[in-house]
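*Asks:* One structure is given below, represented as structure tokens, and several questions about it will come after.
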Amino acid sequence: MQHYQIKRLLAATASVVAVAFMATTASAQESEDVGPTPEEKAQRRAAAEQRLEQRTDKLGSIFDEAAELNKIAQNAQEEINDLSNQTSRLVSEYTQLLKQIEGLKAYNAQQERLIQSQEEEKAEFRVSIRDVQSVRRQITPLMLRMVGALERFVELDMPFQLDERRERIAGLRDLLDQSNVATPEKFRRVLEVYQIENEYSRFLNAYEGTLTIGGEEKEVKFLRAGRVALVYETLDGSSVGFYNKNTGSFEPLGDQYRSAIEKGLEVANQQASPSIISLPVSGPEQVQ
């Protein structure tokens, strides 16, 4: 539509210019023509001027229409610019969306691998859960055997702190019979008692207790060097002795060991600095 209006405007402009040129030429010719009378010349001039005025008015309307078309073209250009900006924005958004899609594809692929790994772990867990009941049925007899073995070991071991150790084992037996304690907790407590018994082999320890000496119970101070030596001294210092593993009984010692035992008691009670002491040790039995 706009293209047609512009062509019509150009044609009208050319026509007005041609008419104006013809009117001017006619006026010049009339001035040189000596044939017509002055009245005729005036009439011709008036007619020419009237036609020129008409053409001029038409030309003005054409110019107005041209200005309007120019304004329309300007608005059209602005619309084109807006469409171009919108297109650029949409292209940018489309590019960003493509990048997001690629990122989501990579993320989804990684999640699929993670889900696959979790499914494999779930399958392993299901197998483990099926095995738990079997293991649970086997762990209780195992703990009973462990407590029984520990009890026999204490009775065959050097007789130090027997009441405390026997009480600890009795507590384990009571614990195993309790239904409100989980199996893992029971097993942990059994291992804990084993660890305590193991620690006895590593340290120097002193404690007080009673011992039958010559048919009479006396209060004594015991000194234990791991599981290597167990010696004693009566509270009044009248006698010293040691536990003989070969005979399974306590036997008296000579006074030559008194100072070493007293020194060991001071070290065990952290009343003296560690030092080398000589204590009697039972030798291995000779196999017949």
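*Asks:* Mind jotting down the distance between the C-alpha centroids of region 227-288 and region 59-79, whole Å?
*Replies:* About 125 Å separates the Cα centre of region 59-79 from the one of region 227-288.
*Asks:* Under 14 Å from the Cβ of Gln86, count the other residues' Cβ atoms, weight Lys and Arg +1, Asp and Glu -1, and hand me the total.
*Replies:* -3
*Asks:* Where does the chain land at 222 nm, in deg cm²/dmol rounded to the nearest 500, when only DSSP H runs of n ≥ 4 count, each adding -39500 (n - 2.57), divided by all residues?
*Replies:* -24500 deg cm²/dmol
*Asks:* Let me ask you something else. Under a 10 Å cutoff between Cα atoms, tell me which one of Asp157, Asp57, Asp236 has the largest fluctuation in the Gaussian network model of the chain.
*Replies:* In this elastic network of the chain, the residue with the biggest mean-square fluctuation among Asp157, Asp57, Asp236 is Asp57.
*Asks:* What size of dipole, in debye to the nearest 20, comes out for the chain about its Cα centre when the only charges are +1 on Lys and Arg C-beta atoms and -1 on Asp and Glu C-beta atoms?
*Replies:* 760 debye
*Asks:* On full extension of the chain, what length is gained from Leu97 through Ala225, given 0.36 nm per residue of separation minus the C-alpha to C-alpha distance?
*Replies:* Separation in residues times 0.36 nm, less the Cα-Cα distance, equals 38.3 nm.
*Asks:* Ser259 label point, 7 Å along Cα→Cβ, cut-off 13 Å on backbone N: hits in region 210-226?
*Replies:* No residues fall inside that zone.
*Asks:* How about Lys221: which lysines have a C-alpha closer than 17 Å to its C-alpha, ignoring those fewer than 8 places off in the same chain?
*Replies:* Leaving aside lysines fewer than 8 places away in the same chain, those within reach of Lys221 are Lys263.
*Asks:* Can you tell me which of Ser239, Ser249, Ser61 moves the most in a GNM of the chain? Springs connect C-alpha atoms under 10 Å apart.
*Replies:* Ser61
*Asks:* Average the reciprocal distances over every distinct pair of alpha-carbons in the chain, invert the result, and give the Kirkwood radius in Å.
*Replies:* Computed over the chain, the radius equals 31.8 Å.
*Asks:* Show me the helices of the chain, taken as full DSSP H stretches, that run 18 Å or more along their long axis by Cα and average -0.5 or above in Kyte-Doolittle hydropathy.
*Replies:* 2-32
*Asks:* Lys and Arg at +1, Asp and Glu at -1: add these up for the other residues within a Cβ distance under 14 Å of Pro280 and post the number.
*Replies:* Net local charge, Pro280 excluded: 0.
*Asks:* How much length is gained if the chain between Leu104 and Asp163 is pulled fully straight, taking 0.36 nm per residue apart and subtracting their Cα-Cα distance, in nm to one decimal?
*Replies:* Extending this stretch completely gives an extra 14.3 nm.
*Asks:* Per the Debye formula with a single identical scatterer at each Cα and no solvent contribution, what log10 I(q)/I(0) holds for region 137-200 at q = 0.12, 0.13, 0.14 Å⁻¹?
*Replies:* At q = 0.12, 0.13, 0.14 Å⁻¹ the computed log10 ratios are -0.28, -0.33, -0.38.
*Asks:* Additional query: Taking the chain as a Gaussian network, where each spring joins two C-alpha atoms under 10 Å apart, which residue of Gln118, Gln77, Gln161 fluctuates the most?
*Replies:* Sorting by GNM fluctuation, first place goes to Gln77.
Every number here is computed from the coordinates shown, using simple stated rules; none is lab data. Keep in mind it's a predicted model, so treat the numbers as computed, not measured. FYI the Cβ positions are ideal-geometry reconstructions off the backbone, even for glycines, and counts take in every protein chain you see.
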